Amino acid sequence: MLVGAIFSLALVSPAHAAKTYNDPWLEGDLQQIRVPDALDILARTPQHVIVGDIDSGALLSDPDIAPHLMRMPMPYTCADEYGPGPSYAADPARDFGCDFVGSGQEAVPSTIPDGDPADPYGHGTATAAVIAAVPNNGIGGAGVAPNARVLPVRACYGGNPDCYNEPALDGLTYAVAMGASVINASWPPENDYSAAFRIFIHNQSNVLFVFAIGGTDQNAAPYTLCTDRATYPNVVCVGLANPDDTAGTVNADTSTDVSAPGYAGVPTAIGTRGEFGYTSGATAHVSGAAALLRGIAPKLSPSTIREVLVSTSRPVDGYQTANKAHGIIDVEAAVRSVQQMEGLTTPAAGHGAPVDSPDPFASQAPSGTGKAPVNPPAVVKQPTARLTFLGKLPQSVVAGATLNLRLQVTGAAGTVKASLTHGKATLAKAKRRHASGNITLKLHLPRKAKRGPAKLTVQIGRIKPLVRAITVTGPR
């Protein structure tokens, strides 16, 4: 019954002038998911919602996100997982919050926790900005949810980022302890994470966890956290929608609930402005949308928020294998649905409640389109990893043999994954963490591997994967 009721509301989208923004670095992502329209029709001012951003930290001094960053409200011991440590007793009287990596290095890996979750890479800064950058303040960009307060948690290595089981679980545990009811995890919930990781998520019945999928062709190796709805009803998994509305990730609907824009104008780790994207950005857009809905209806369950986001998504051709929603999230339709569920009357456009206290749009009449100005600031690219094959790949491989992949990783270090698939069957896979320079991955094929044309997929982080065709032949 809920699905049908929500879906009918997705069709209600009367034309009107939306909120406008004077922020100089906008890329159309908010308009693509109808955030300005949603903020025009709020039946009540959303409550503040704490979003735990488990990532590479944040640039705590950036003027566009600093007002919406949250300092830890109570003391907490930031655990040391890999050594040399020791654990760090963080105190809000002197510390902003937990950094579970600290001066530790990914190549070992090592952890030396501290109380300063500053971002050396820019990835966490970017996700925080997509979620909650202050709108209409004349600087930078604008976030999805003006009511969100982001708790920056540094628990991941590098700028892709690489989030390993133990520090990531520490980060999740800390964020929930600090009051987060939405968790942004702009990284995939890998199946090799520990049982303790999965049990923790299952037990947080009032917390919504928003994860990124790894990319296109995720159906070949779907994530348990994204597919087992009976055990994990509080998880949303997110794919990419390109700026032209085409699907950025496909053959991924087994794991993917919804898609959202990946690209936005964000602050970098050094305070300049830059572009940010792919499924990391898409996940942050959905976390922002979830925070807005939860602010309107604080008692709404995570599973209901997920259902609202799926069922009110805007249908788009080409998304049949992109996600379960078959389209792109529509924040206005989601707000209308939640307000009806709460028994609230949705006001006419321009007559809604303030979006936050104080209201950044207080002196503005709803008009215009909210488009970016003609001359935005210069782009500063975030450092990302690059992956290339070394030498010529074989056209075929024998079942029972080993396929040796020689690869070169340049730019930022990261986790390289390779898989050989035949239809929906995974024939072989391999992974190398904290990879950099020249590496070799070995794919061991079983003797009973399916013969015929297969697909080799190699990926680092959430950049576009390398895909090649290889034929699997029988033993000689």
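Please list the three semi-axes, largest first and in whole Å, of the ellipsoid equivalent to segment 11-124, using sqrt of 5 times the eigenvalues of its alpha carbon gyration tensor.
Numbers: eigenvalues 284, 54, 32 Å².
So the three semi-axes of segment 11-124 are 38, 16, 13 Å.
Placing unit charges on C-beta atoms (Lys and Arg positive, Asp and Glu negative, everything else neutral), compute the dipole magnitude of the chain about its Cα centre in debye, rounded to 20.
Magnitude of the dipole: close to 2240 debye.
Sorted by average packing, counted as other Cβ atoms within 10 angstrom per residue and highest first, what order do 97-106, 152-161, 188-197, 284-293 take?
The most tightly packed comes first, giving 284-293, 152-161, 97-106, 188-197.
For segment 386-473, what does the alpha-carbon gyration tensor say about shape, rounded, prolate or oblate, given a ≥ b ≥ c as the root eigenvalues, a/c under 1.5 as rounded, and a/b over b/c as prolate? Write down the numbers at each step before the final one.
On the way: a/c = 2.05, a/b = 1.89, b/c = 1.08.
Prolate.
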- Antiparallel %, DSSP beta bridges [both residues in the chain], to 5: 60
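Using DSSP H assignments, which helices in the chain have an axial alpha-carbon span of 20 Å or above and a mean Kyte-Doolittle hydropathy of 0.5 or higher?
Taking the DSSP H segments of the chain (at least 20 Å long, mean hydropathy at least 0.5), we get 278-296.
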- Note on the structure: Along principal axes, largest first, the alpha-carbon spread of segment 141-245 in whole Å comes out as 39, 36, 30
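Once a ≥ b ≥ c are taken as the square roots of the eigenvalues of the Cα gyration tensor of the chain, is the result rounded (a/c under 1.5), prolate (a/b larger than b/c) or oblate (a/b not larger than b/c)?
Details: a/c = 1.75, a/b = 1.38, b/c = 1.27.
It comes out prolate by the Cα gyration axes.
For segment 177-306, what class follows from the C-alpha gyration tensor (a ≥ b ≥ c being the square roots of its eigenvalues): rounded when a/c is under 1.5, otherwise prolate if a/b is larger than b/c, else oblate? Mind dumping the intermediate values first?
Details: a/c = 1.61, a/b = 1.18, b/c = 1.36.
In terms of gyration-tensor shape, oblate.
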- Cα centroid of segment 35-90 to Cα centroid of segment 272-313, whole Å: 15
- Here, trypsin sites (Lys or Arg not before Pro) of segment 223-302 satisfying both criteria (DSSP loop; at most 16 other Cβ within 10 Å) are Arg229, Lys299
- Inter-probe distance in nm under a simple model that places probes 7 Å from Cα toward Cβ, at Gln395 and His202: 4.9
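Given an 8 Å cut-off on Cα distances and at least 6 residues of separation, report the relative contact order of segment 277-371 as a percent. Can you show the working numbers first?
Numbers: 68 pairs, mean separation 18.3, N = 95.
Rounded, it is 19 percent for segment 277-371.
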- Query: Any idea what the relative contact order of the chain is, in percent, if you count C-alpha pairs under 8 Å spaced at least 6 apart?
  - Reply: 19
- Two-site label geometry, Ala425 and Arg447: point separation in nm, points 7 Å out along Cα→Cβ: 1.6
- Message: With +1 on the Cβ of every Lys and Arg and -1 on the Cβ of every Asp and Glu, and nothing else charged, how large is the dipole of segment 131-276 about its Cα centre, in debye rounded to the nearest 20?
- Response: 520
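Quick one: length gained pulling Gln340 to Asp245 fully straight, 0.36 nm per residue minus the C-alpha distance?
Details: separation 95, 0.36 × 95 = 34.20 nm, distance 2.78 nm.
Separation in residues times 0.36 nm, less the Cα-Cα distance, equals 31.4 nm.
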- Message: At a threshold of 8 angstrom on Cα-Cα distance, excluding pairs fewer than six apart, so keeping six or more, what relative contact order does segment 206-257 reach in percent?
- Response: 48
- Task: Find how many whole Å separate the alpha carbon centroid of segment 99-142 from the alpha carbon centroid of segment 168-218.
- Result: 17
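Could you line up Asp23, Asp91 from fewest to most neighbouring Cβ atoms inside 10 Å?
On the way: Asp23 25, Asp91 12.
Result, fewest neighbours first: Asp91, Asp23.
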- Note on the structure: Output row, site Asp359, 7 Å Cα→C-beta label point, backbone N cut-off 16 Å, window segment 125-152, residues 135-137, 146-147
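Going by how many other beta carbons lie within 10 Å of each one, how would you line up Val458, Val258, Val398, fewest first?
Numbers: Val458 21, Val258 30, Val398 17.
Listed from fewest to most nearby Cβ atoms, that is Val398, Val458, Val258.
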- Treating only the Cβ atoms of Lys and Arg (+1) and Asp and Glu (-1) as charged, compute the dipole magnitude of segment 286-344 about its Cα centre; round to the nearest 20 debye. 160
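Here, each number is a calculation from the coordinates, and none is a lab measurement. These numbers come from a predicted model, not from an experiment. When we count neighbours, we look across all protein chains shown, and the Cβ atoms used for this are built from the backbone with ideal geometry, even at glycine.
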